[in-house]
1. Inside region 110-134, can you point out the residues that are in contact with a Ser or Thr (Cβ under 7 Å, 6 or more places away or on another chain) and open to solvent by 50 Å² or more (accessible area, probe 1.4 Å)?
2. Pairs under 8 Å by beta carbon, first residue part of a loop (DSSP other than H, G, I, E, B) in region 42-58, partner open to solvent by 10 Å² or more (accessible area, probe 1.4 Å) and modelled with pLDDT of 95 or more, six or more apart or different chains?
3. Check E185, E163, E173 and return the single one that is surrounded by fewer than 15 Cβ atoms within 10 Å (Cβ to Cβ) and modelled with pLDDT of 95 or more.
4. For region 35-94, enumerate the residues that are modelled with pLDDT under 95, in contact with a Lys or Arg (Cβ under 6 Å, 6 or more places away or on another chain) and within 22 Å of L437 (Cβ to Cβ).
5. Kindly indicate whether T394 is surrounded by 13 or more Cβ atoms within 10 Å (Cβ to Cβ), of a type in the set (S, T, N, Q) and part of a helix (DSSP H, G or I).
6. Considering only region 229-242, state which residues are surrounded by 23 or more Cβ atoms within 10 Å (Cβ to Cβ) and either within 20 Å of T264 (Cβ to Cβ) or basic (K, R) (or both).
7. Which count do you get for residues in region 81-99 that are open to solvent by less than 50 Å² (accessible area, probe 1.4 Å) and either free of Cβ contacts under 8 Å to residues at least 24 places away in the same chain or of a type outside the set (G, A, S) (or both)?
Amino acid sequence: MKKNIFFYITFILFLPGIFAGCTDFLDVDTPKDLMDQEMVFNDDATAVSAVTNIYTLLRNSGFLAGNNSGIGLLMGCYTDELQVTSPGITDQTWFYQLNVVSSNGTVKRLWDTSYQQLYQVNAAIEGLEKSQLLTIDIKEQLLGECYFVRALLLFYLNRTFGEVPYVIKSDYEINKNIARTSQSEIDRMLTADLETAVTLLKDQYPSSLRTRPNRSAAYLLLARISLYSGNWNRALETAKYVMDNTAYSLENIDKVFYADSRSTVWHLRTLNDGASTFEVQTYFFESVPPPNVALADGFIDVFSENDLRKSEWIRQVEGASGNYAHSYKYKRRSVAQPMEFSVVLRIEEAYFIIAEANVRLGHYEQAAEALNDIRNRAGLTKFFSDSTEQWLDTLLEERRKEFFTEFGHRFYDLKRTGQLDKLQLVKPQWISNFEKLPLPESELQINPNLLPQNTGY
């Protein structure tokens, strides 16, 4: 019996890989007995295993992957953070050259992978909700995690592609002709999913080293979404809940990305405790020319010389072919170095949300208190202004220096503040249509309800 249980879990988790090469995300005729609740979601241990293995999928591919396929590298190349140094044409080359089209394989993989991961999440929600035998605390925790992950995935899909289907079922017949969801409805559903997650999750982490989300993770994502949608009071309230939690504090700059960092709200575990993060494998180089990517020319010039983020998070490499710099937030390349995991959410974002929400509400003193905690840790002097415009410009630049190469923050910040056209300074070919990636052409052919294509493609 135990062997059969783990067969079902394995089958569920690897189903997206089976279908990815031959069908599109909504064109999957799911076997009726795929989610066998008797075998998976009526046992605490196997239910936990099924849900937590979703984090392995998130780490390995899609938006949250720290490798070449993830949004950190792709949107770093798309904006003004990274330059491509690898010879030939690679996935990141298309983004760096602003040559992303509807037939681009990278675009399709982001789309397919995300909806395949959503399938896993929705199937788990359905199995958990039907289950009558799980321990109530286990059931609520796992449901809370699933609602959180669903909102996270759909947040990235929405902010990258625009209006997308907000898929909440695993039923093929329902999903195969689903239409795009309006932006107002997406905002409502994101909020509803996270409010549900908040009620189900606890303040305490269900695992060591914060590798599974808790209530603060859901609150922090809700604060971000509230900020993006202009709900300043809600953003302030939810971010303050996280910042006031004594489990978190601003870690020293050189320890922010350690596995035991008190700045971390939620991170993704590496393959094993001896492994380095994908970010190290992706960004680090010891000789020039770099084999993959480097920080863009002039990027390090945005930092003042006494900014500790420059000395601790950026490493310069000189050689006969030129001088280059790489992101050095993650450093572990051997087991002798402190353990690191891929940080998805950290307490610093709560400080920035509190600062910006207060600025938007005209509360400059409170904004300065939050921002200057960040600046003080970086070795910088205090900032204050009576100008909302100067405040917002300063916050945008501070976020640029704080979150570079972390899951596309730069792109999404420029987009939500209507300042993507600033990229014309370094990429003269930039046009406003590039604020959304194109919907994959193959998806539009299969499901006309996804039309119209995004403007400009």
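The values are calculated or read from the model by the stated rules, or taken from the named source; none is laboratory data. Just so you know, these numbers come straight off a predicted model, no measurement behind them. Don't worry about glycine lacking a Cβ; one is built from the backbone with ideal geometry, like all the others, and counts go over all protein chains shown. Side chains included, ligands, DNA and RNA excluded: accessible areas come from the protein's heavy atoms. Shrake-Rupley method; radii C 1.70, N 1.55, O 1.52, S 1.80 Å.
1. Hits for region 110-134: nothing passes.
2. Once the first residue is part of a loop (DSSP other than H, G, I, E, B) and sits in region 42-58, its partners that are open to solvent by 10 Å² or more (accessible area, probe 1.4 Å) and modelled with pLDDT of 95 or more give N42/L134; D43/L134.
3. Among E185, E163, E173, only E185 is surrounded by fewer than 15 Cβ atoms within 10 Å (Cβ to Cβ) and modelled with pLDDT of 95 or more.
4. Result: no residue meets the conditions.
5. So T394 passes the test.
6. Answer for region 229-242, where residues must be surrounded by 23 or more Cβ atoms within 10 Å (Cβ to Cβ) and either within 20 Å of T264 (Cβ to Cβ) or basic (K, R) (or both): T238, A239, V242.
7. Going through region 81-99 one residue at a time, the tally reaches 10.
Matching residues to (1) within 27 Å of W266 (Cα to Cα); (2) within 23 Å of the chain's Cα centre (by Cα); (3) not charged (D, E, K, R):
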{"position": "A378", "(1), (2), (3)": "yes, no, yes"}
{"position": "T394", "(1), (2), (3)": "yes, no, yes"}
{"position": "K401", "(1), (2), (3)": "yes, yes, no"}
{"position": "E406", "(1), (2), (3)": "yes, yes, no"}
{"position": "Q429", "(1), (2), (3)": "no, no, yes"}
{"position": "S442", "(1), (2), (3)": "no, no, yes"}
